[in-house]
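Participant: Quick one: the structure is below, questions incoming.
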Amino acid sequence: MTSTGDRSESVIQIRDLHFSYGEHEVLSGIDLDVRPHEVLTVMGPSGCGKTTLLRLLVGLETPTRGSVRVLGHQVGTLDEDELHVFRQRLGMCFQFGALLNSLTIADNLALPLREQGDYPEDLLALAVRSKLALVGLDDAAPRFPSELSGGMRKRAGLARALMSDPELLLFDEPTLGLDPVTAAGLDRTILDLRERLGTAAVIVTHDLATAFALADQMVVLLGGKAAATGSPEEIRQSSDPRVQAFIQRRAAAPQRANSRAVLEKFFVEEETDGHPA
């Protein structure tokens, strides 16, 4: 998915990315570009490196080899103070909202800005109301997370991610645990925000409906490698049988002959037990 334009304009630029935990290589030779206003969805089976890629983007991990450049910074070279400033330019949406149960939704949203500086409370209240309105939770400010449905908590988490007016949004399984109707509603909200705000986004998801609905560009990770990259239509037309199996939800065919051999051996042993052939 390498851009053909001026690469310096990329919000994210990844080149020959390798990452290992000890001797186990999780990501191998990844090249990606995300340009302003573009949505990239990252798909793949469990253990393929999707969440590790997010951790690399926010500086929680350092590449074993290669480079990860985000918003003009080589993330792996930033010290803790620089990372703190850098992360304020990002909006992170966690799987289950990551809201503090002891705080109201309004206080959950205001907390990041309160930690960053001395914001007047009237401005914080205005920011909270406007962000909740963007995600369709106009009346949720005084409520606690336990009083919200799963879908509403996800929306509240998204509103909190928007509080700092981020230049890049990162989503980790935004529709995980939601029923299809609620998930589709959240997809529509994300699409609406994309139209209104134009913020670039990276969305890690197992949900194929979400991935194809939201993406400008997609990458399918298989075995730690980018098996396919391109537009949703290019992914649908991929000639790689592994990619086709993944997007069509086809499991590998069972080894019937081997299973039958095991069963036959079992029954033969049962029949001849104590009775020499």
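Participant: Can you name the strands (runs of 3 or more DSSP E) wholly within segment 1-96 that have at least 1 residues being small (Gly, Ala, Ser) and more than 22 Å from ASP187 (Cβ to Cβ)? Walk me through how you get there before you give the answer.
Facilitator: Values: elements: 12-21, 24-34, 39-43, 65-70, 90-93.
Hits in segment 1-96: 12-21, 24-34, 65-70.
Participant: On the given criteria, is GLY66 free of Cβ contacts under 8 Å to residues at least 60 places away in the same chain, surrounded by fewer than 19 Cβ atoms within 10 Å (Cβ to Cβ) and touching a Leu at 6+ places or on another chain (Cβ under 9 Å)? First the steps, then the outcome.
Facilitator: Details: free of Cβ contacts under 8 Å to residues at least 60 places away in the same chain: yes; surrounded by fewer than 19 Cβ atoms within 10 Å (Cβ to Cβ): yes; touching a Leu at 6+ places or on another chain (Cβ under 9 Å): yes.
Taking the combined requirement at face value, the residue satisfies it.
Participant: Six or more apart or on different chains, Cβ atoms under 9 Å: show the pairs whose first residue is in segment 214-228 and under 16 Å from ILE14 (Cβ atoms) and in contact (Cβ under 8 Å) with a residue 40 or more places away in the chain and whose second is of a type in the set (Asp, Glu) and in a strand (DSSP E or B).
Facilitator: GLN217/ASP33; GLY224/GLU25; ALA226/ASP31
Participant: Of everything in segment 130-149, what is buried (at least 16 other Cβ atoms within 10 Å of the Cβ) and more than 21 Å from PRO174 (Cβ to Cβ)? Give them in sequence order.
Facilitator: Passing the criteria: ALA141, PHE144.
Participant: Also, I was wondering about something else. Restricting attention to segment 112-137, report how many residues are in a helix (DSSP H, G or I) and free of Cβ contacts under 8 Å to residues at least 40 places away in the same chain.
Facilitator: Of the residues in segment 112-137, the ones in a helix (DSSP H, G or I) are 112-116, 121-134.
Still in the running and free of Cβ contacts under 8 Å to residues at least 40 places away in the same chain: 114-115, 121-133.
Qualifying residue count for the region: 15.
Participant: Taking segment 35-51, which residues are of a type in the set (S, T, N, Q), surrounded by fewer than 21 Cβ atoms within 10 Å (Cβ to Cβ) and under 28 Å from GLN88 (Cβ atoms)? Outline the logic, then answer.
Facilitator: To start, the set of residues in segment 35-51 that are of a type in the set (S, T, N, Q) comprises 41, 46, 51.
With the extra rule that they be surrounded by fewer than 21 Cβ atoms within 10 Å (Cβ to Cβ), the set shrinks to 46, 51.
Residue satisfying the conditions is THR51 alone.
Participant: Tell me yes or no: at least one residue of segment 139-157 is touching a Cys at 6+ places or on another chain (Cβ under 9 Å), in contact (Cβ under 8 Å) with a residue 24 or more places away in the chain and in a helix (DSSP H, G or I). It would help to see each step written out before you state the result.
Facilitator: In the first step, residues of segment 139-157 are kept if they are touching a Cys at 6+ places or on another chain (Cβ under 9 Å); the result is 154, 157.
Keeping just the survivors that are in contact (Cβ under 8 Å) with a residue 24 or more places away in the chain gives 154, 157.
Now drop any that are not in a helix (DSSP H, G or I), which leaves 154, 157.
Taking every residue of segment 139-157 in turn, at least one turns out to be touching a Cys at 6+ places or on another chain (Cβ under 9 Å), in contact (Cβ under 8 Å) with a residue 24 or more places away in the chain and in a helix (DSSP H, G or I).
Participant: Now for a separate question. State whether the residues of segment 25-33 include one that is closer than 17 Å to THR205 by Cβ, in contact with a Phe, Trp or Tyr (Cβ under 9 Å, 6 or more places away or on another chain) and among the small types (Gly, Ala, Ser). So that I can check it myself, show each step before the final result.
Facilitator: Taking segment 25-33 and keeping what is closer than 17 Å to THR205 by Cβ, we get 32.
Filter once more, so that each one left must be in contact with a Phe, Trp or Tyr (Cβ under 9 Å, 6 or more places away or on another chain): none.
No, segment 25-33 has no match at all.
Participant: Could I ask something else about it? Could you identify the single residue in LEU109, LEU100, LEU32, LEU27 that is surrounded by fewer than 19 Cβ atoms within 10 Å (Cβ to Cβ), farther than 14 Å from LEU170 by Cα and of a type in the set (A, V, I, L, M)? First the steps, then the outcome.
Facilitator: Values: LEU109 fails: surrounded by fewer than 19 Cβ atoms within 10 Å (Cβ to Cβ); LEU32 fails: surrounded by fewer than 19 Cβ atoms within 10 Å (Cβ to Cβ); LEU27 fails: surrounded by fewer than 19 Cβ atoms within 10 Å (Cβ to Cβ).
Going through LEU109, LEU100, LEU32, LEU27 in turn, the sole match is LEU100.
Participant: Would you mind finding the one in GLY117, GLY177, GLY157 that is among the small types (Gly, Ala, Ser), surrounded by fewer than 16 Cβ atoms within 10 Å (Cβ to Cβ) and within 16 Å of the chain's Cα centre (by Cα)? Walk me through how you get there before you give the answer.
Facilitator: On the way: GLY117 fails: within 16 Å of the chain's Cα centre (by Cα); GLY157 fails: surrounded by fewer than 16 Cβ atoms within 10 Å (Cβ to Cβ).
Result of the check over GLY117, GLY177, GLY157: GLY177.
Participant: Moving on. Considering each residue of segment 175-191, count those that are touching a residue at least 40 places away in the same chain (Cβ under 8 Å) and either under 20 Å from LEU17 (Cβ atoms) or part of a helix (DSSP H, G or I) (or both), and give that number. Talk me through it step by step, then tell me what you get.
Facilitator: Keep residues of segment 175-191 that are touching a residue at least 40 places away in the same chain (Cβ under 8 Å), which gives 176-177, 189.
From the residues that got through so far, the ones that are either under 20 Å from LEU17 (Cβ atoms) or part of a helix (DSSP H, G or I) (or both) too are 189.
Residues that pass the stated criteria total 1.
Participant: Could you list, in sequence order, the residues of segment 208-237 that are assigned to a loop (DSSP other than H, G, I, E, B) and within 27 Å of HIS24 (Cβ to Cβ)?
Facilitator: First, the residues of segment 208-237 that are assigned to a loop (DSSP other than H, G, I, E, B): 215-216, 223-224, 231, 237.
Within segment 208-237, GLY223, GLY224 qualify.
Since every read-out is calculated from the coordinates, none of them should be taken as a lab result. This one's a predicted model, so the numbers in the text were calculated from it and none came from an experiment. FYI the Cβ positions are ideal-geometry reconstructions off the backbone, even for glycines, and counts take in every protein chain you see.
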